[in-house]
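Visitor: So that we are looking at the same thing, I have put the structure below in structure tokens.
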Amino acid sequence: MGWSIPILRVAGIQLRIHITFVLLIAWIGFAYYTRGGSSAAVGGVLFILLLFACVVLHEFGHALAGKAFGINTPDITLLPIGGVARLERIPDEPVQELVIAVAGPAVTALIAMGAFIGGGSWDFPLSTKNSIPDLLFTMNVMLLLFNMLPAFPMDGGRVLRALLATRMSYARATQVAATVGQGFAFIFGFVGLLWNPFLIFIALFVYIGATQEAALAQMKDVSRRFPVSSAMVRDFRTLAADATLEEAVDALLATSQHDFPVVDATGNVAGLLTRHDLIAALRKNDPTLQVGDVMRRDIPTVTTGTRFEDAFRIMQESDCPAVPVLDRMKRLVGLLTPENVTELMMVQSAMPQRRLL
């Protein structure tokens, strides 16, 4: 996720903080300081640390549930509206998504229950006089109620989609759930205008999250019906492993490509040079570097007959921005990128009665 800062890695999962979450921390700290000075600021710091820990544990609940179904979680990003555990792929069955979606709130509920048994109360807003159980109980109750709203990207939206998907297609269920989420976004925005401007900020995140989920579901629905050859790029440039970075820059500027398959002397795929990796290599200002020194190795490949759905899953799991496409003779004949998926969706929507070959 863009604008996020990596902080540490736990059990193979990269924890990130979105820049907007940092702004939220600063806002909370300032609010506590203006309310009661440095002593209140200490309580604010405690609140922030507890909030951070609770959200991380919540997201690890999702990650562990996904792991039980063979779905890894590359990273977790903390946002002002909570956290986002990025799964390698969308669960295949509605029941799996339901279990993964409720796992996070279940962890939150357990924390709140433990805090209540330890002496929690319903006091809100929080103050520096609250005990740690009070803080934990109140925060987790609020997190639980907010996360279970049936709106993407909150867990309640995923629960709603999973339940709907048991009675209708996955794409239709996502569209319905996304529409509900967008409705909540408008409600948040309206209430924010009248009461708390921060709700407008939350409304923006909810609306964008719902829109992205709908687009992703449509992408997956289309990908099930076509082979890779339906949308792969056939006119593309390759780079030799011994090419200079200057040659790579010329190719980048002369074409609309962002990523270039790298081939060895025999014409076989040796790796992939991404625009990001190229720019990073140029910053080193090392004239001896060649394309083969900075390319990504051991990248996945697919064939022209591979189902689009399988190729899309491979792209997600490998976090690879482009996947080379080979024919039956193992020759490089195409390149598959996320833009291809989007274009296929657009064409399919414009010609719903025609079958792409």
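Since every read-out is calculated from the coordinates, none of them should be taken as a lab result. All of these numbers come straight from a predicted model, not from anything done at the bench. Here the Cβ is made from the backbone with ideal geometry for all residues, glycine too, and neighbour counts use every protein chain on show.
Visitor: Angle, helix 155-165 long axis vs. longest principal axis of the chain, Cα atoms, 0 to 90°, nearest 10?
Guide: The answer is roughly 60 degrees.
Visitor: What Kirkwood radius, in Å to one decimal, follows from the Cα pairs of the stretch 228-350?
Guide: Radius from the Kirkwood sum: 14.9 Å.
Visitor: Can you pull the Rg over Rh of the stretch 166-278, Cα-only, Kirkwood?
Guide: 1.22
Visitor: With the chain treated as a Gaussian network of Cα nodes joined by springs under 10 Å, which of 112, 322, 280 yields the largest mean-square fluctuation?
Guide: 280
Visitor: Loop-only check: which chymotrypsin sites (Phe, Trp or Tyr not before Pro) in the stretch 153-258 are DSSP coil with at most 11 other Cβ within 10 angstrom?
Guide: Filter output for the stretch 153-258: 195.
Visitor: Calculate one ³J(HN,Hα) per residue across the stretch 172-180 by plugging θ = phi - 60° into the Karplus curve 6.51 cos²θ - 1.76 cosθ + 1.60, and present them in order as whole Hz with x for glycine and proline.
Guide: 5, 4, 5, 5, 5, 5, 5, 5, 4
Visitor: Over all directions, average the projected area of the Cα convex hull of the chain and note it in nm².
Guide: Average of the hull's projected areas for the chain equals 22.0 nm².
Visitor: While we're here: Run lengths n ≥ 4 of DSSP H only: what is the helix-derived mean residue ellipticity at 222 nm for the chain, with -39500 (n - 2.57) per run over all residues, to the nearest 500?
Guide: Helix contribution divided over all residues of the chain: -19000 deg cm²/dmol.
Visitor: For the chain, what is the relative contact order in percent, using Cα pairs closer than 8 Å and at least 6 residues apart in sequence?
Guide: 11
Visitor: Same structure again: I'd like the orientation of helix 198-223 relative to the chain: the angle between its Cα long axis and the longest Cα principal axis, in ° from 0 to 90, rounded to 10.
Guide: 40
Visitor: Over the stretch 140-226, what number does the Rg to Rh ratio reach, with both radii from the alpha-carbon atoms and Rh per Kirkwood?
Guide: 1.05
Visitor: Another one. Taking every DSSP beta bridge that has both residues in the chain, what percent is antiparallel when rounded to the nearest 5?
Guide: Once the DSSP bridges in the chain are tallied, antiparallel ones form about 75 percent.
Visitor: Can you tell me the 0 to 90 degree angle between the C-alpha axis of helix 308-318 and the longest principal axis of the chain, rounded to 10?
Guide: Helix 308-318 sits at roughly 70 degrees to that axis.
Visitor: If you don't mind, there's one more thing I want to ask. Through the Karplus equation 6.51 cos²θ - 1.76 cosθ + 1.60, θ set to phi - 60°, convert the phi angles of the stretch 280-294 into ³J(HN,Hα) values in whole Hz; use x for Gly and Pro.
Guide: 4, 5, 5, 5, 6, 6, 10, x, 7, 5, 10, 4, x, 7, 10
Visitor: If you project the alpha carbons of the stretch 21-110 onto their three principal axes, what span does each projection cover, largest first, in Å?
Guide: 52, 24, 16
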